[in-house]
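Scroll down for the structure; my scribbles are underneath it.
The values are calculated or read from the model by the stated rules, or taken from the named source; none is laboratory data. Here the structure is a predicted model, which is why all the values come from computation and not from measurement. Note that we place each Cβ from the backbone using ideal geometry, even for glycine, and neighbour counts take in every protein chain shown. Please note that ligands, DNA and RNA were not included when accessible areas were found on the heavy atoms of the full protein model with its side chains. Shrake-Rupley method; radii C 1.70, N 1.55, O 1.52, S 1.80 Å.
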Amino acid sequence: MICLGVESSCDETALALVEDGQLTGAVLSSQTDVHTLFGGVVPELASREHYRHMGPLFDELLRRRGLEPGRITHVAVARGPGLLGSLLVGVAFAKALALGLEAKFLGVNHLHAHLLSVGISGKLSFPAIGLLVSGGHTHLYHMQSPSCCRQLGRTLDDAAGEAFDKVGKLLGLPYPGGSLIDALAKEGVADPALFPRPYLDNDNLDFSFSGLKTAVATHIKRNGRQWTKDADSLKNCCASFNLAVVDTLCVKVKRALDRHPHIRALVLAGGVASNSLLRGRMTELMRQRGGEALIPPPSLCTDNAAMIAYAGWLLHKCGCFHDLRMETIPRGRAIPDDMLRDGAWNFVTPP
Ligand code: KG4
Ligand code: ZN
């Protein structure tokens, strides 16, 4: 079985091949440079860039792998959530390819694919608690199987990555600010009392990060904009903000684990899962509980097509597929559980 994965939900155009569960090729074109000029992703520009790169990237992937298109047996595509115009470029490409090649077609939930991606280079086990932290989403899941991830909580406003990027902008850092804040935080000294741990005084599993961003803005205003130009102040501010986000995520993850005491695995995924403090804290949390934190390498945390191809492969193993009427689902709309099933549940945890 050769599964092609297609990803175009935001600002990365990516294609990858998974053959019998192994990643055998991947190509990616990032639009970061285009959007940096505007301080955030411009949807119309994003769709045009996907449209421009998709065909040449496909040719490049096949050339590198030495593969004839006719050997592709499955085409998996990110169907949402994401920017509608961007998603449609990938979905139209994938549907046309599946039709032309008579390949099986699978629409993949981009968020679930992030969580499942840990299986590409490591262990994936079920049941697990999944924390997805990216630029657009901060969701907690109960992961029962590749085709059954139940949402336990979500952010009510900004996503964790969005908070990183907005604070990066306030601090005068280039977009996206997350990885730079992470790097600067390592050189600074965190003051645990400087910023709040938002939205913990409740008993739910939701998040809210917009107040934390406002707290940073207030801190900058109080100290004067010039203050962000001082290297030590900047590093210390990054360390304090980074700690506040990570502490907050840890509290809700602990709460989710306490409510599901039989669960021994935590999957951490999405762009913010590259964060070094978050990776360390989640690993330690699970070690203390006698379980395991399953975290993809940083190269697989940000958007990529390997995770789409791999999720397609896993879903195929579960007997799932779509027909070409499958809808594209933009951000803000729930992704329906509309997969067709042609066999029994036969997923086996990879070694
Ligand atoms: O998953 P992703 O590539 O795209 C979305 O689907 O959103 O995540 C991108 C997000 C950005 O907000 C970026 O600032 C954040 O992940 N990010 C980080 C780090 N690396 C990327 N945030 C904190 N620490 C990092 N090391
Ligand atoms: Zn993503």
Exercise. If you go through the range 276-293 one residue at a time, do you hit one that is among the small types (Gly, Ala, Ser), in contact with a Gly (Cβ under 7 Å, 6 or more places away or on another chain) and within 15 Å of ligand 1 (Cβ to nearest atom)?
Worked result: no
Exercise. Tell me, which residue of the range 199-214 that is farther than 10 Å from LEU156 by Cβ and assigned to a loop (DSSP other than H, G, I, E, B) is least open to solvent (accessible area, probe 1.4 Å)?
Worked result: LEU205
Problem set entry | Set ARG255, ARG259: member being open to solvent by 50 Å² or more (accessible area, probe 1.4 Å), farther than 12 Å from THR138 by Cα and more than 17 Å from the chain's Cα centre (by Cα) | ARG259
For this session: Identify the single condition in (1) part of a strand (DSSP E or B); (2) touching a residue at least 60 places away in the same chain (Cβ under 8 Å); (3) of a type outside the set (A, V, I, L, M, F, W, C) that GLN144 does not satisfy, given that it satisfies every other one.
Result: (2)
Exercise. Among the candidates LYS229, LYS235, which residue alone is open to solvent by 60 Å² or more (accessible area, probe 1.4 Å) and among the basic types (Lys, Arg)?
Worked result: LYS229
For this session: Would you mind finding the one in ALA193, ALA163, ALA183 that is crowded, with 19+ Cβ neighbours inside 10 Å, touching a Ser or Thr at 6+ places or on another chain (Cβ under 9 Å) and of a type in the set (A, V, I, L, M)?
Result: ALA163
Problem set entry | Index of the failed condition, VAL42 passing every other in (1) of a type in the set (A, V, I, L, M); (2) within 26 Å of VAL118 (Cα to Cα); (3) open to solvent by 40 Å² or more (accessible area, probe 1.4 Å) | (2)
For this session: Mind telling me which of the residues ALA113, ALA94 ends up being more than 16 Å from ligand 1 (Cβ to nearest atom), assigned to a helix (DSSP H, G or I) and either farther than 22 Å from SER29 by Cα or in contact (Cβ under 8 Å) with a residue 40 or more places away in the chain (or both)?
Result: ALA94
For this session: For GLY319, state whether it is assigned by TED's automatic domain parsing to the domain that holds ALA14 and buried (at least 16 other Cβ atoms within 10 Å of the Cβ).
Result: yes
Seminar exercise, completed: Within the range 272-286, residues among the small types (Gly, Ala, Ser) and touching a residue at least 12 places away in the same chain (Cβ under 8 Å) come out as ALA273, SER274, SER276
Seminar exercise, completed: Of those in the range 46-90 that are open to solvent by 60 Å² or more (accessible area, probe 1.4 Å) and of a type in the set (A, V, I, L, M, F, W, C), the residue nearest to MET1 (Cα to Cα) is LEU88
Exercise. Quick check, is LEU277 open to solvent by less than 10 Å² (accessible area, probe 1.4 Å), modelled with pLDDT of 95 or more and away from ligand 2 (no atom under 14 Å from the Cβ)?
Worked result: no
For this session: List every residue pair whose Cβ atoms sit under 7 Å apart, with the two residues 6 or more apart in sequence or on different chains, where the first one lies in the range 256-271 and is within 16 Å of ligand 2 (Cβ to nearest atom) and the second, anywhere, is open to solvent by less than 10 Å² (accessible area, probe 1.4 Å) and modelled with pLDDT under 95.
Result: none
Seminar exercise, completed: Flagged pairs (Cβ under 6 angstrom, 6 or more apart or on separate chains; first in the range 30-44, assigned by TED's automatic domain parsing to the domain that holds THR13; second of a type in the set (Ser, Thr, Tyr)) are THR36/TYR175; GLY39/TYR175
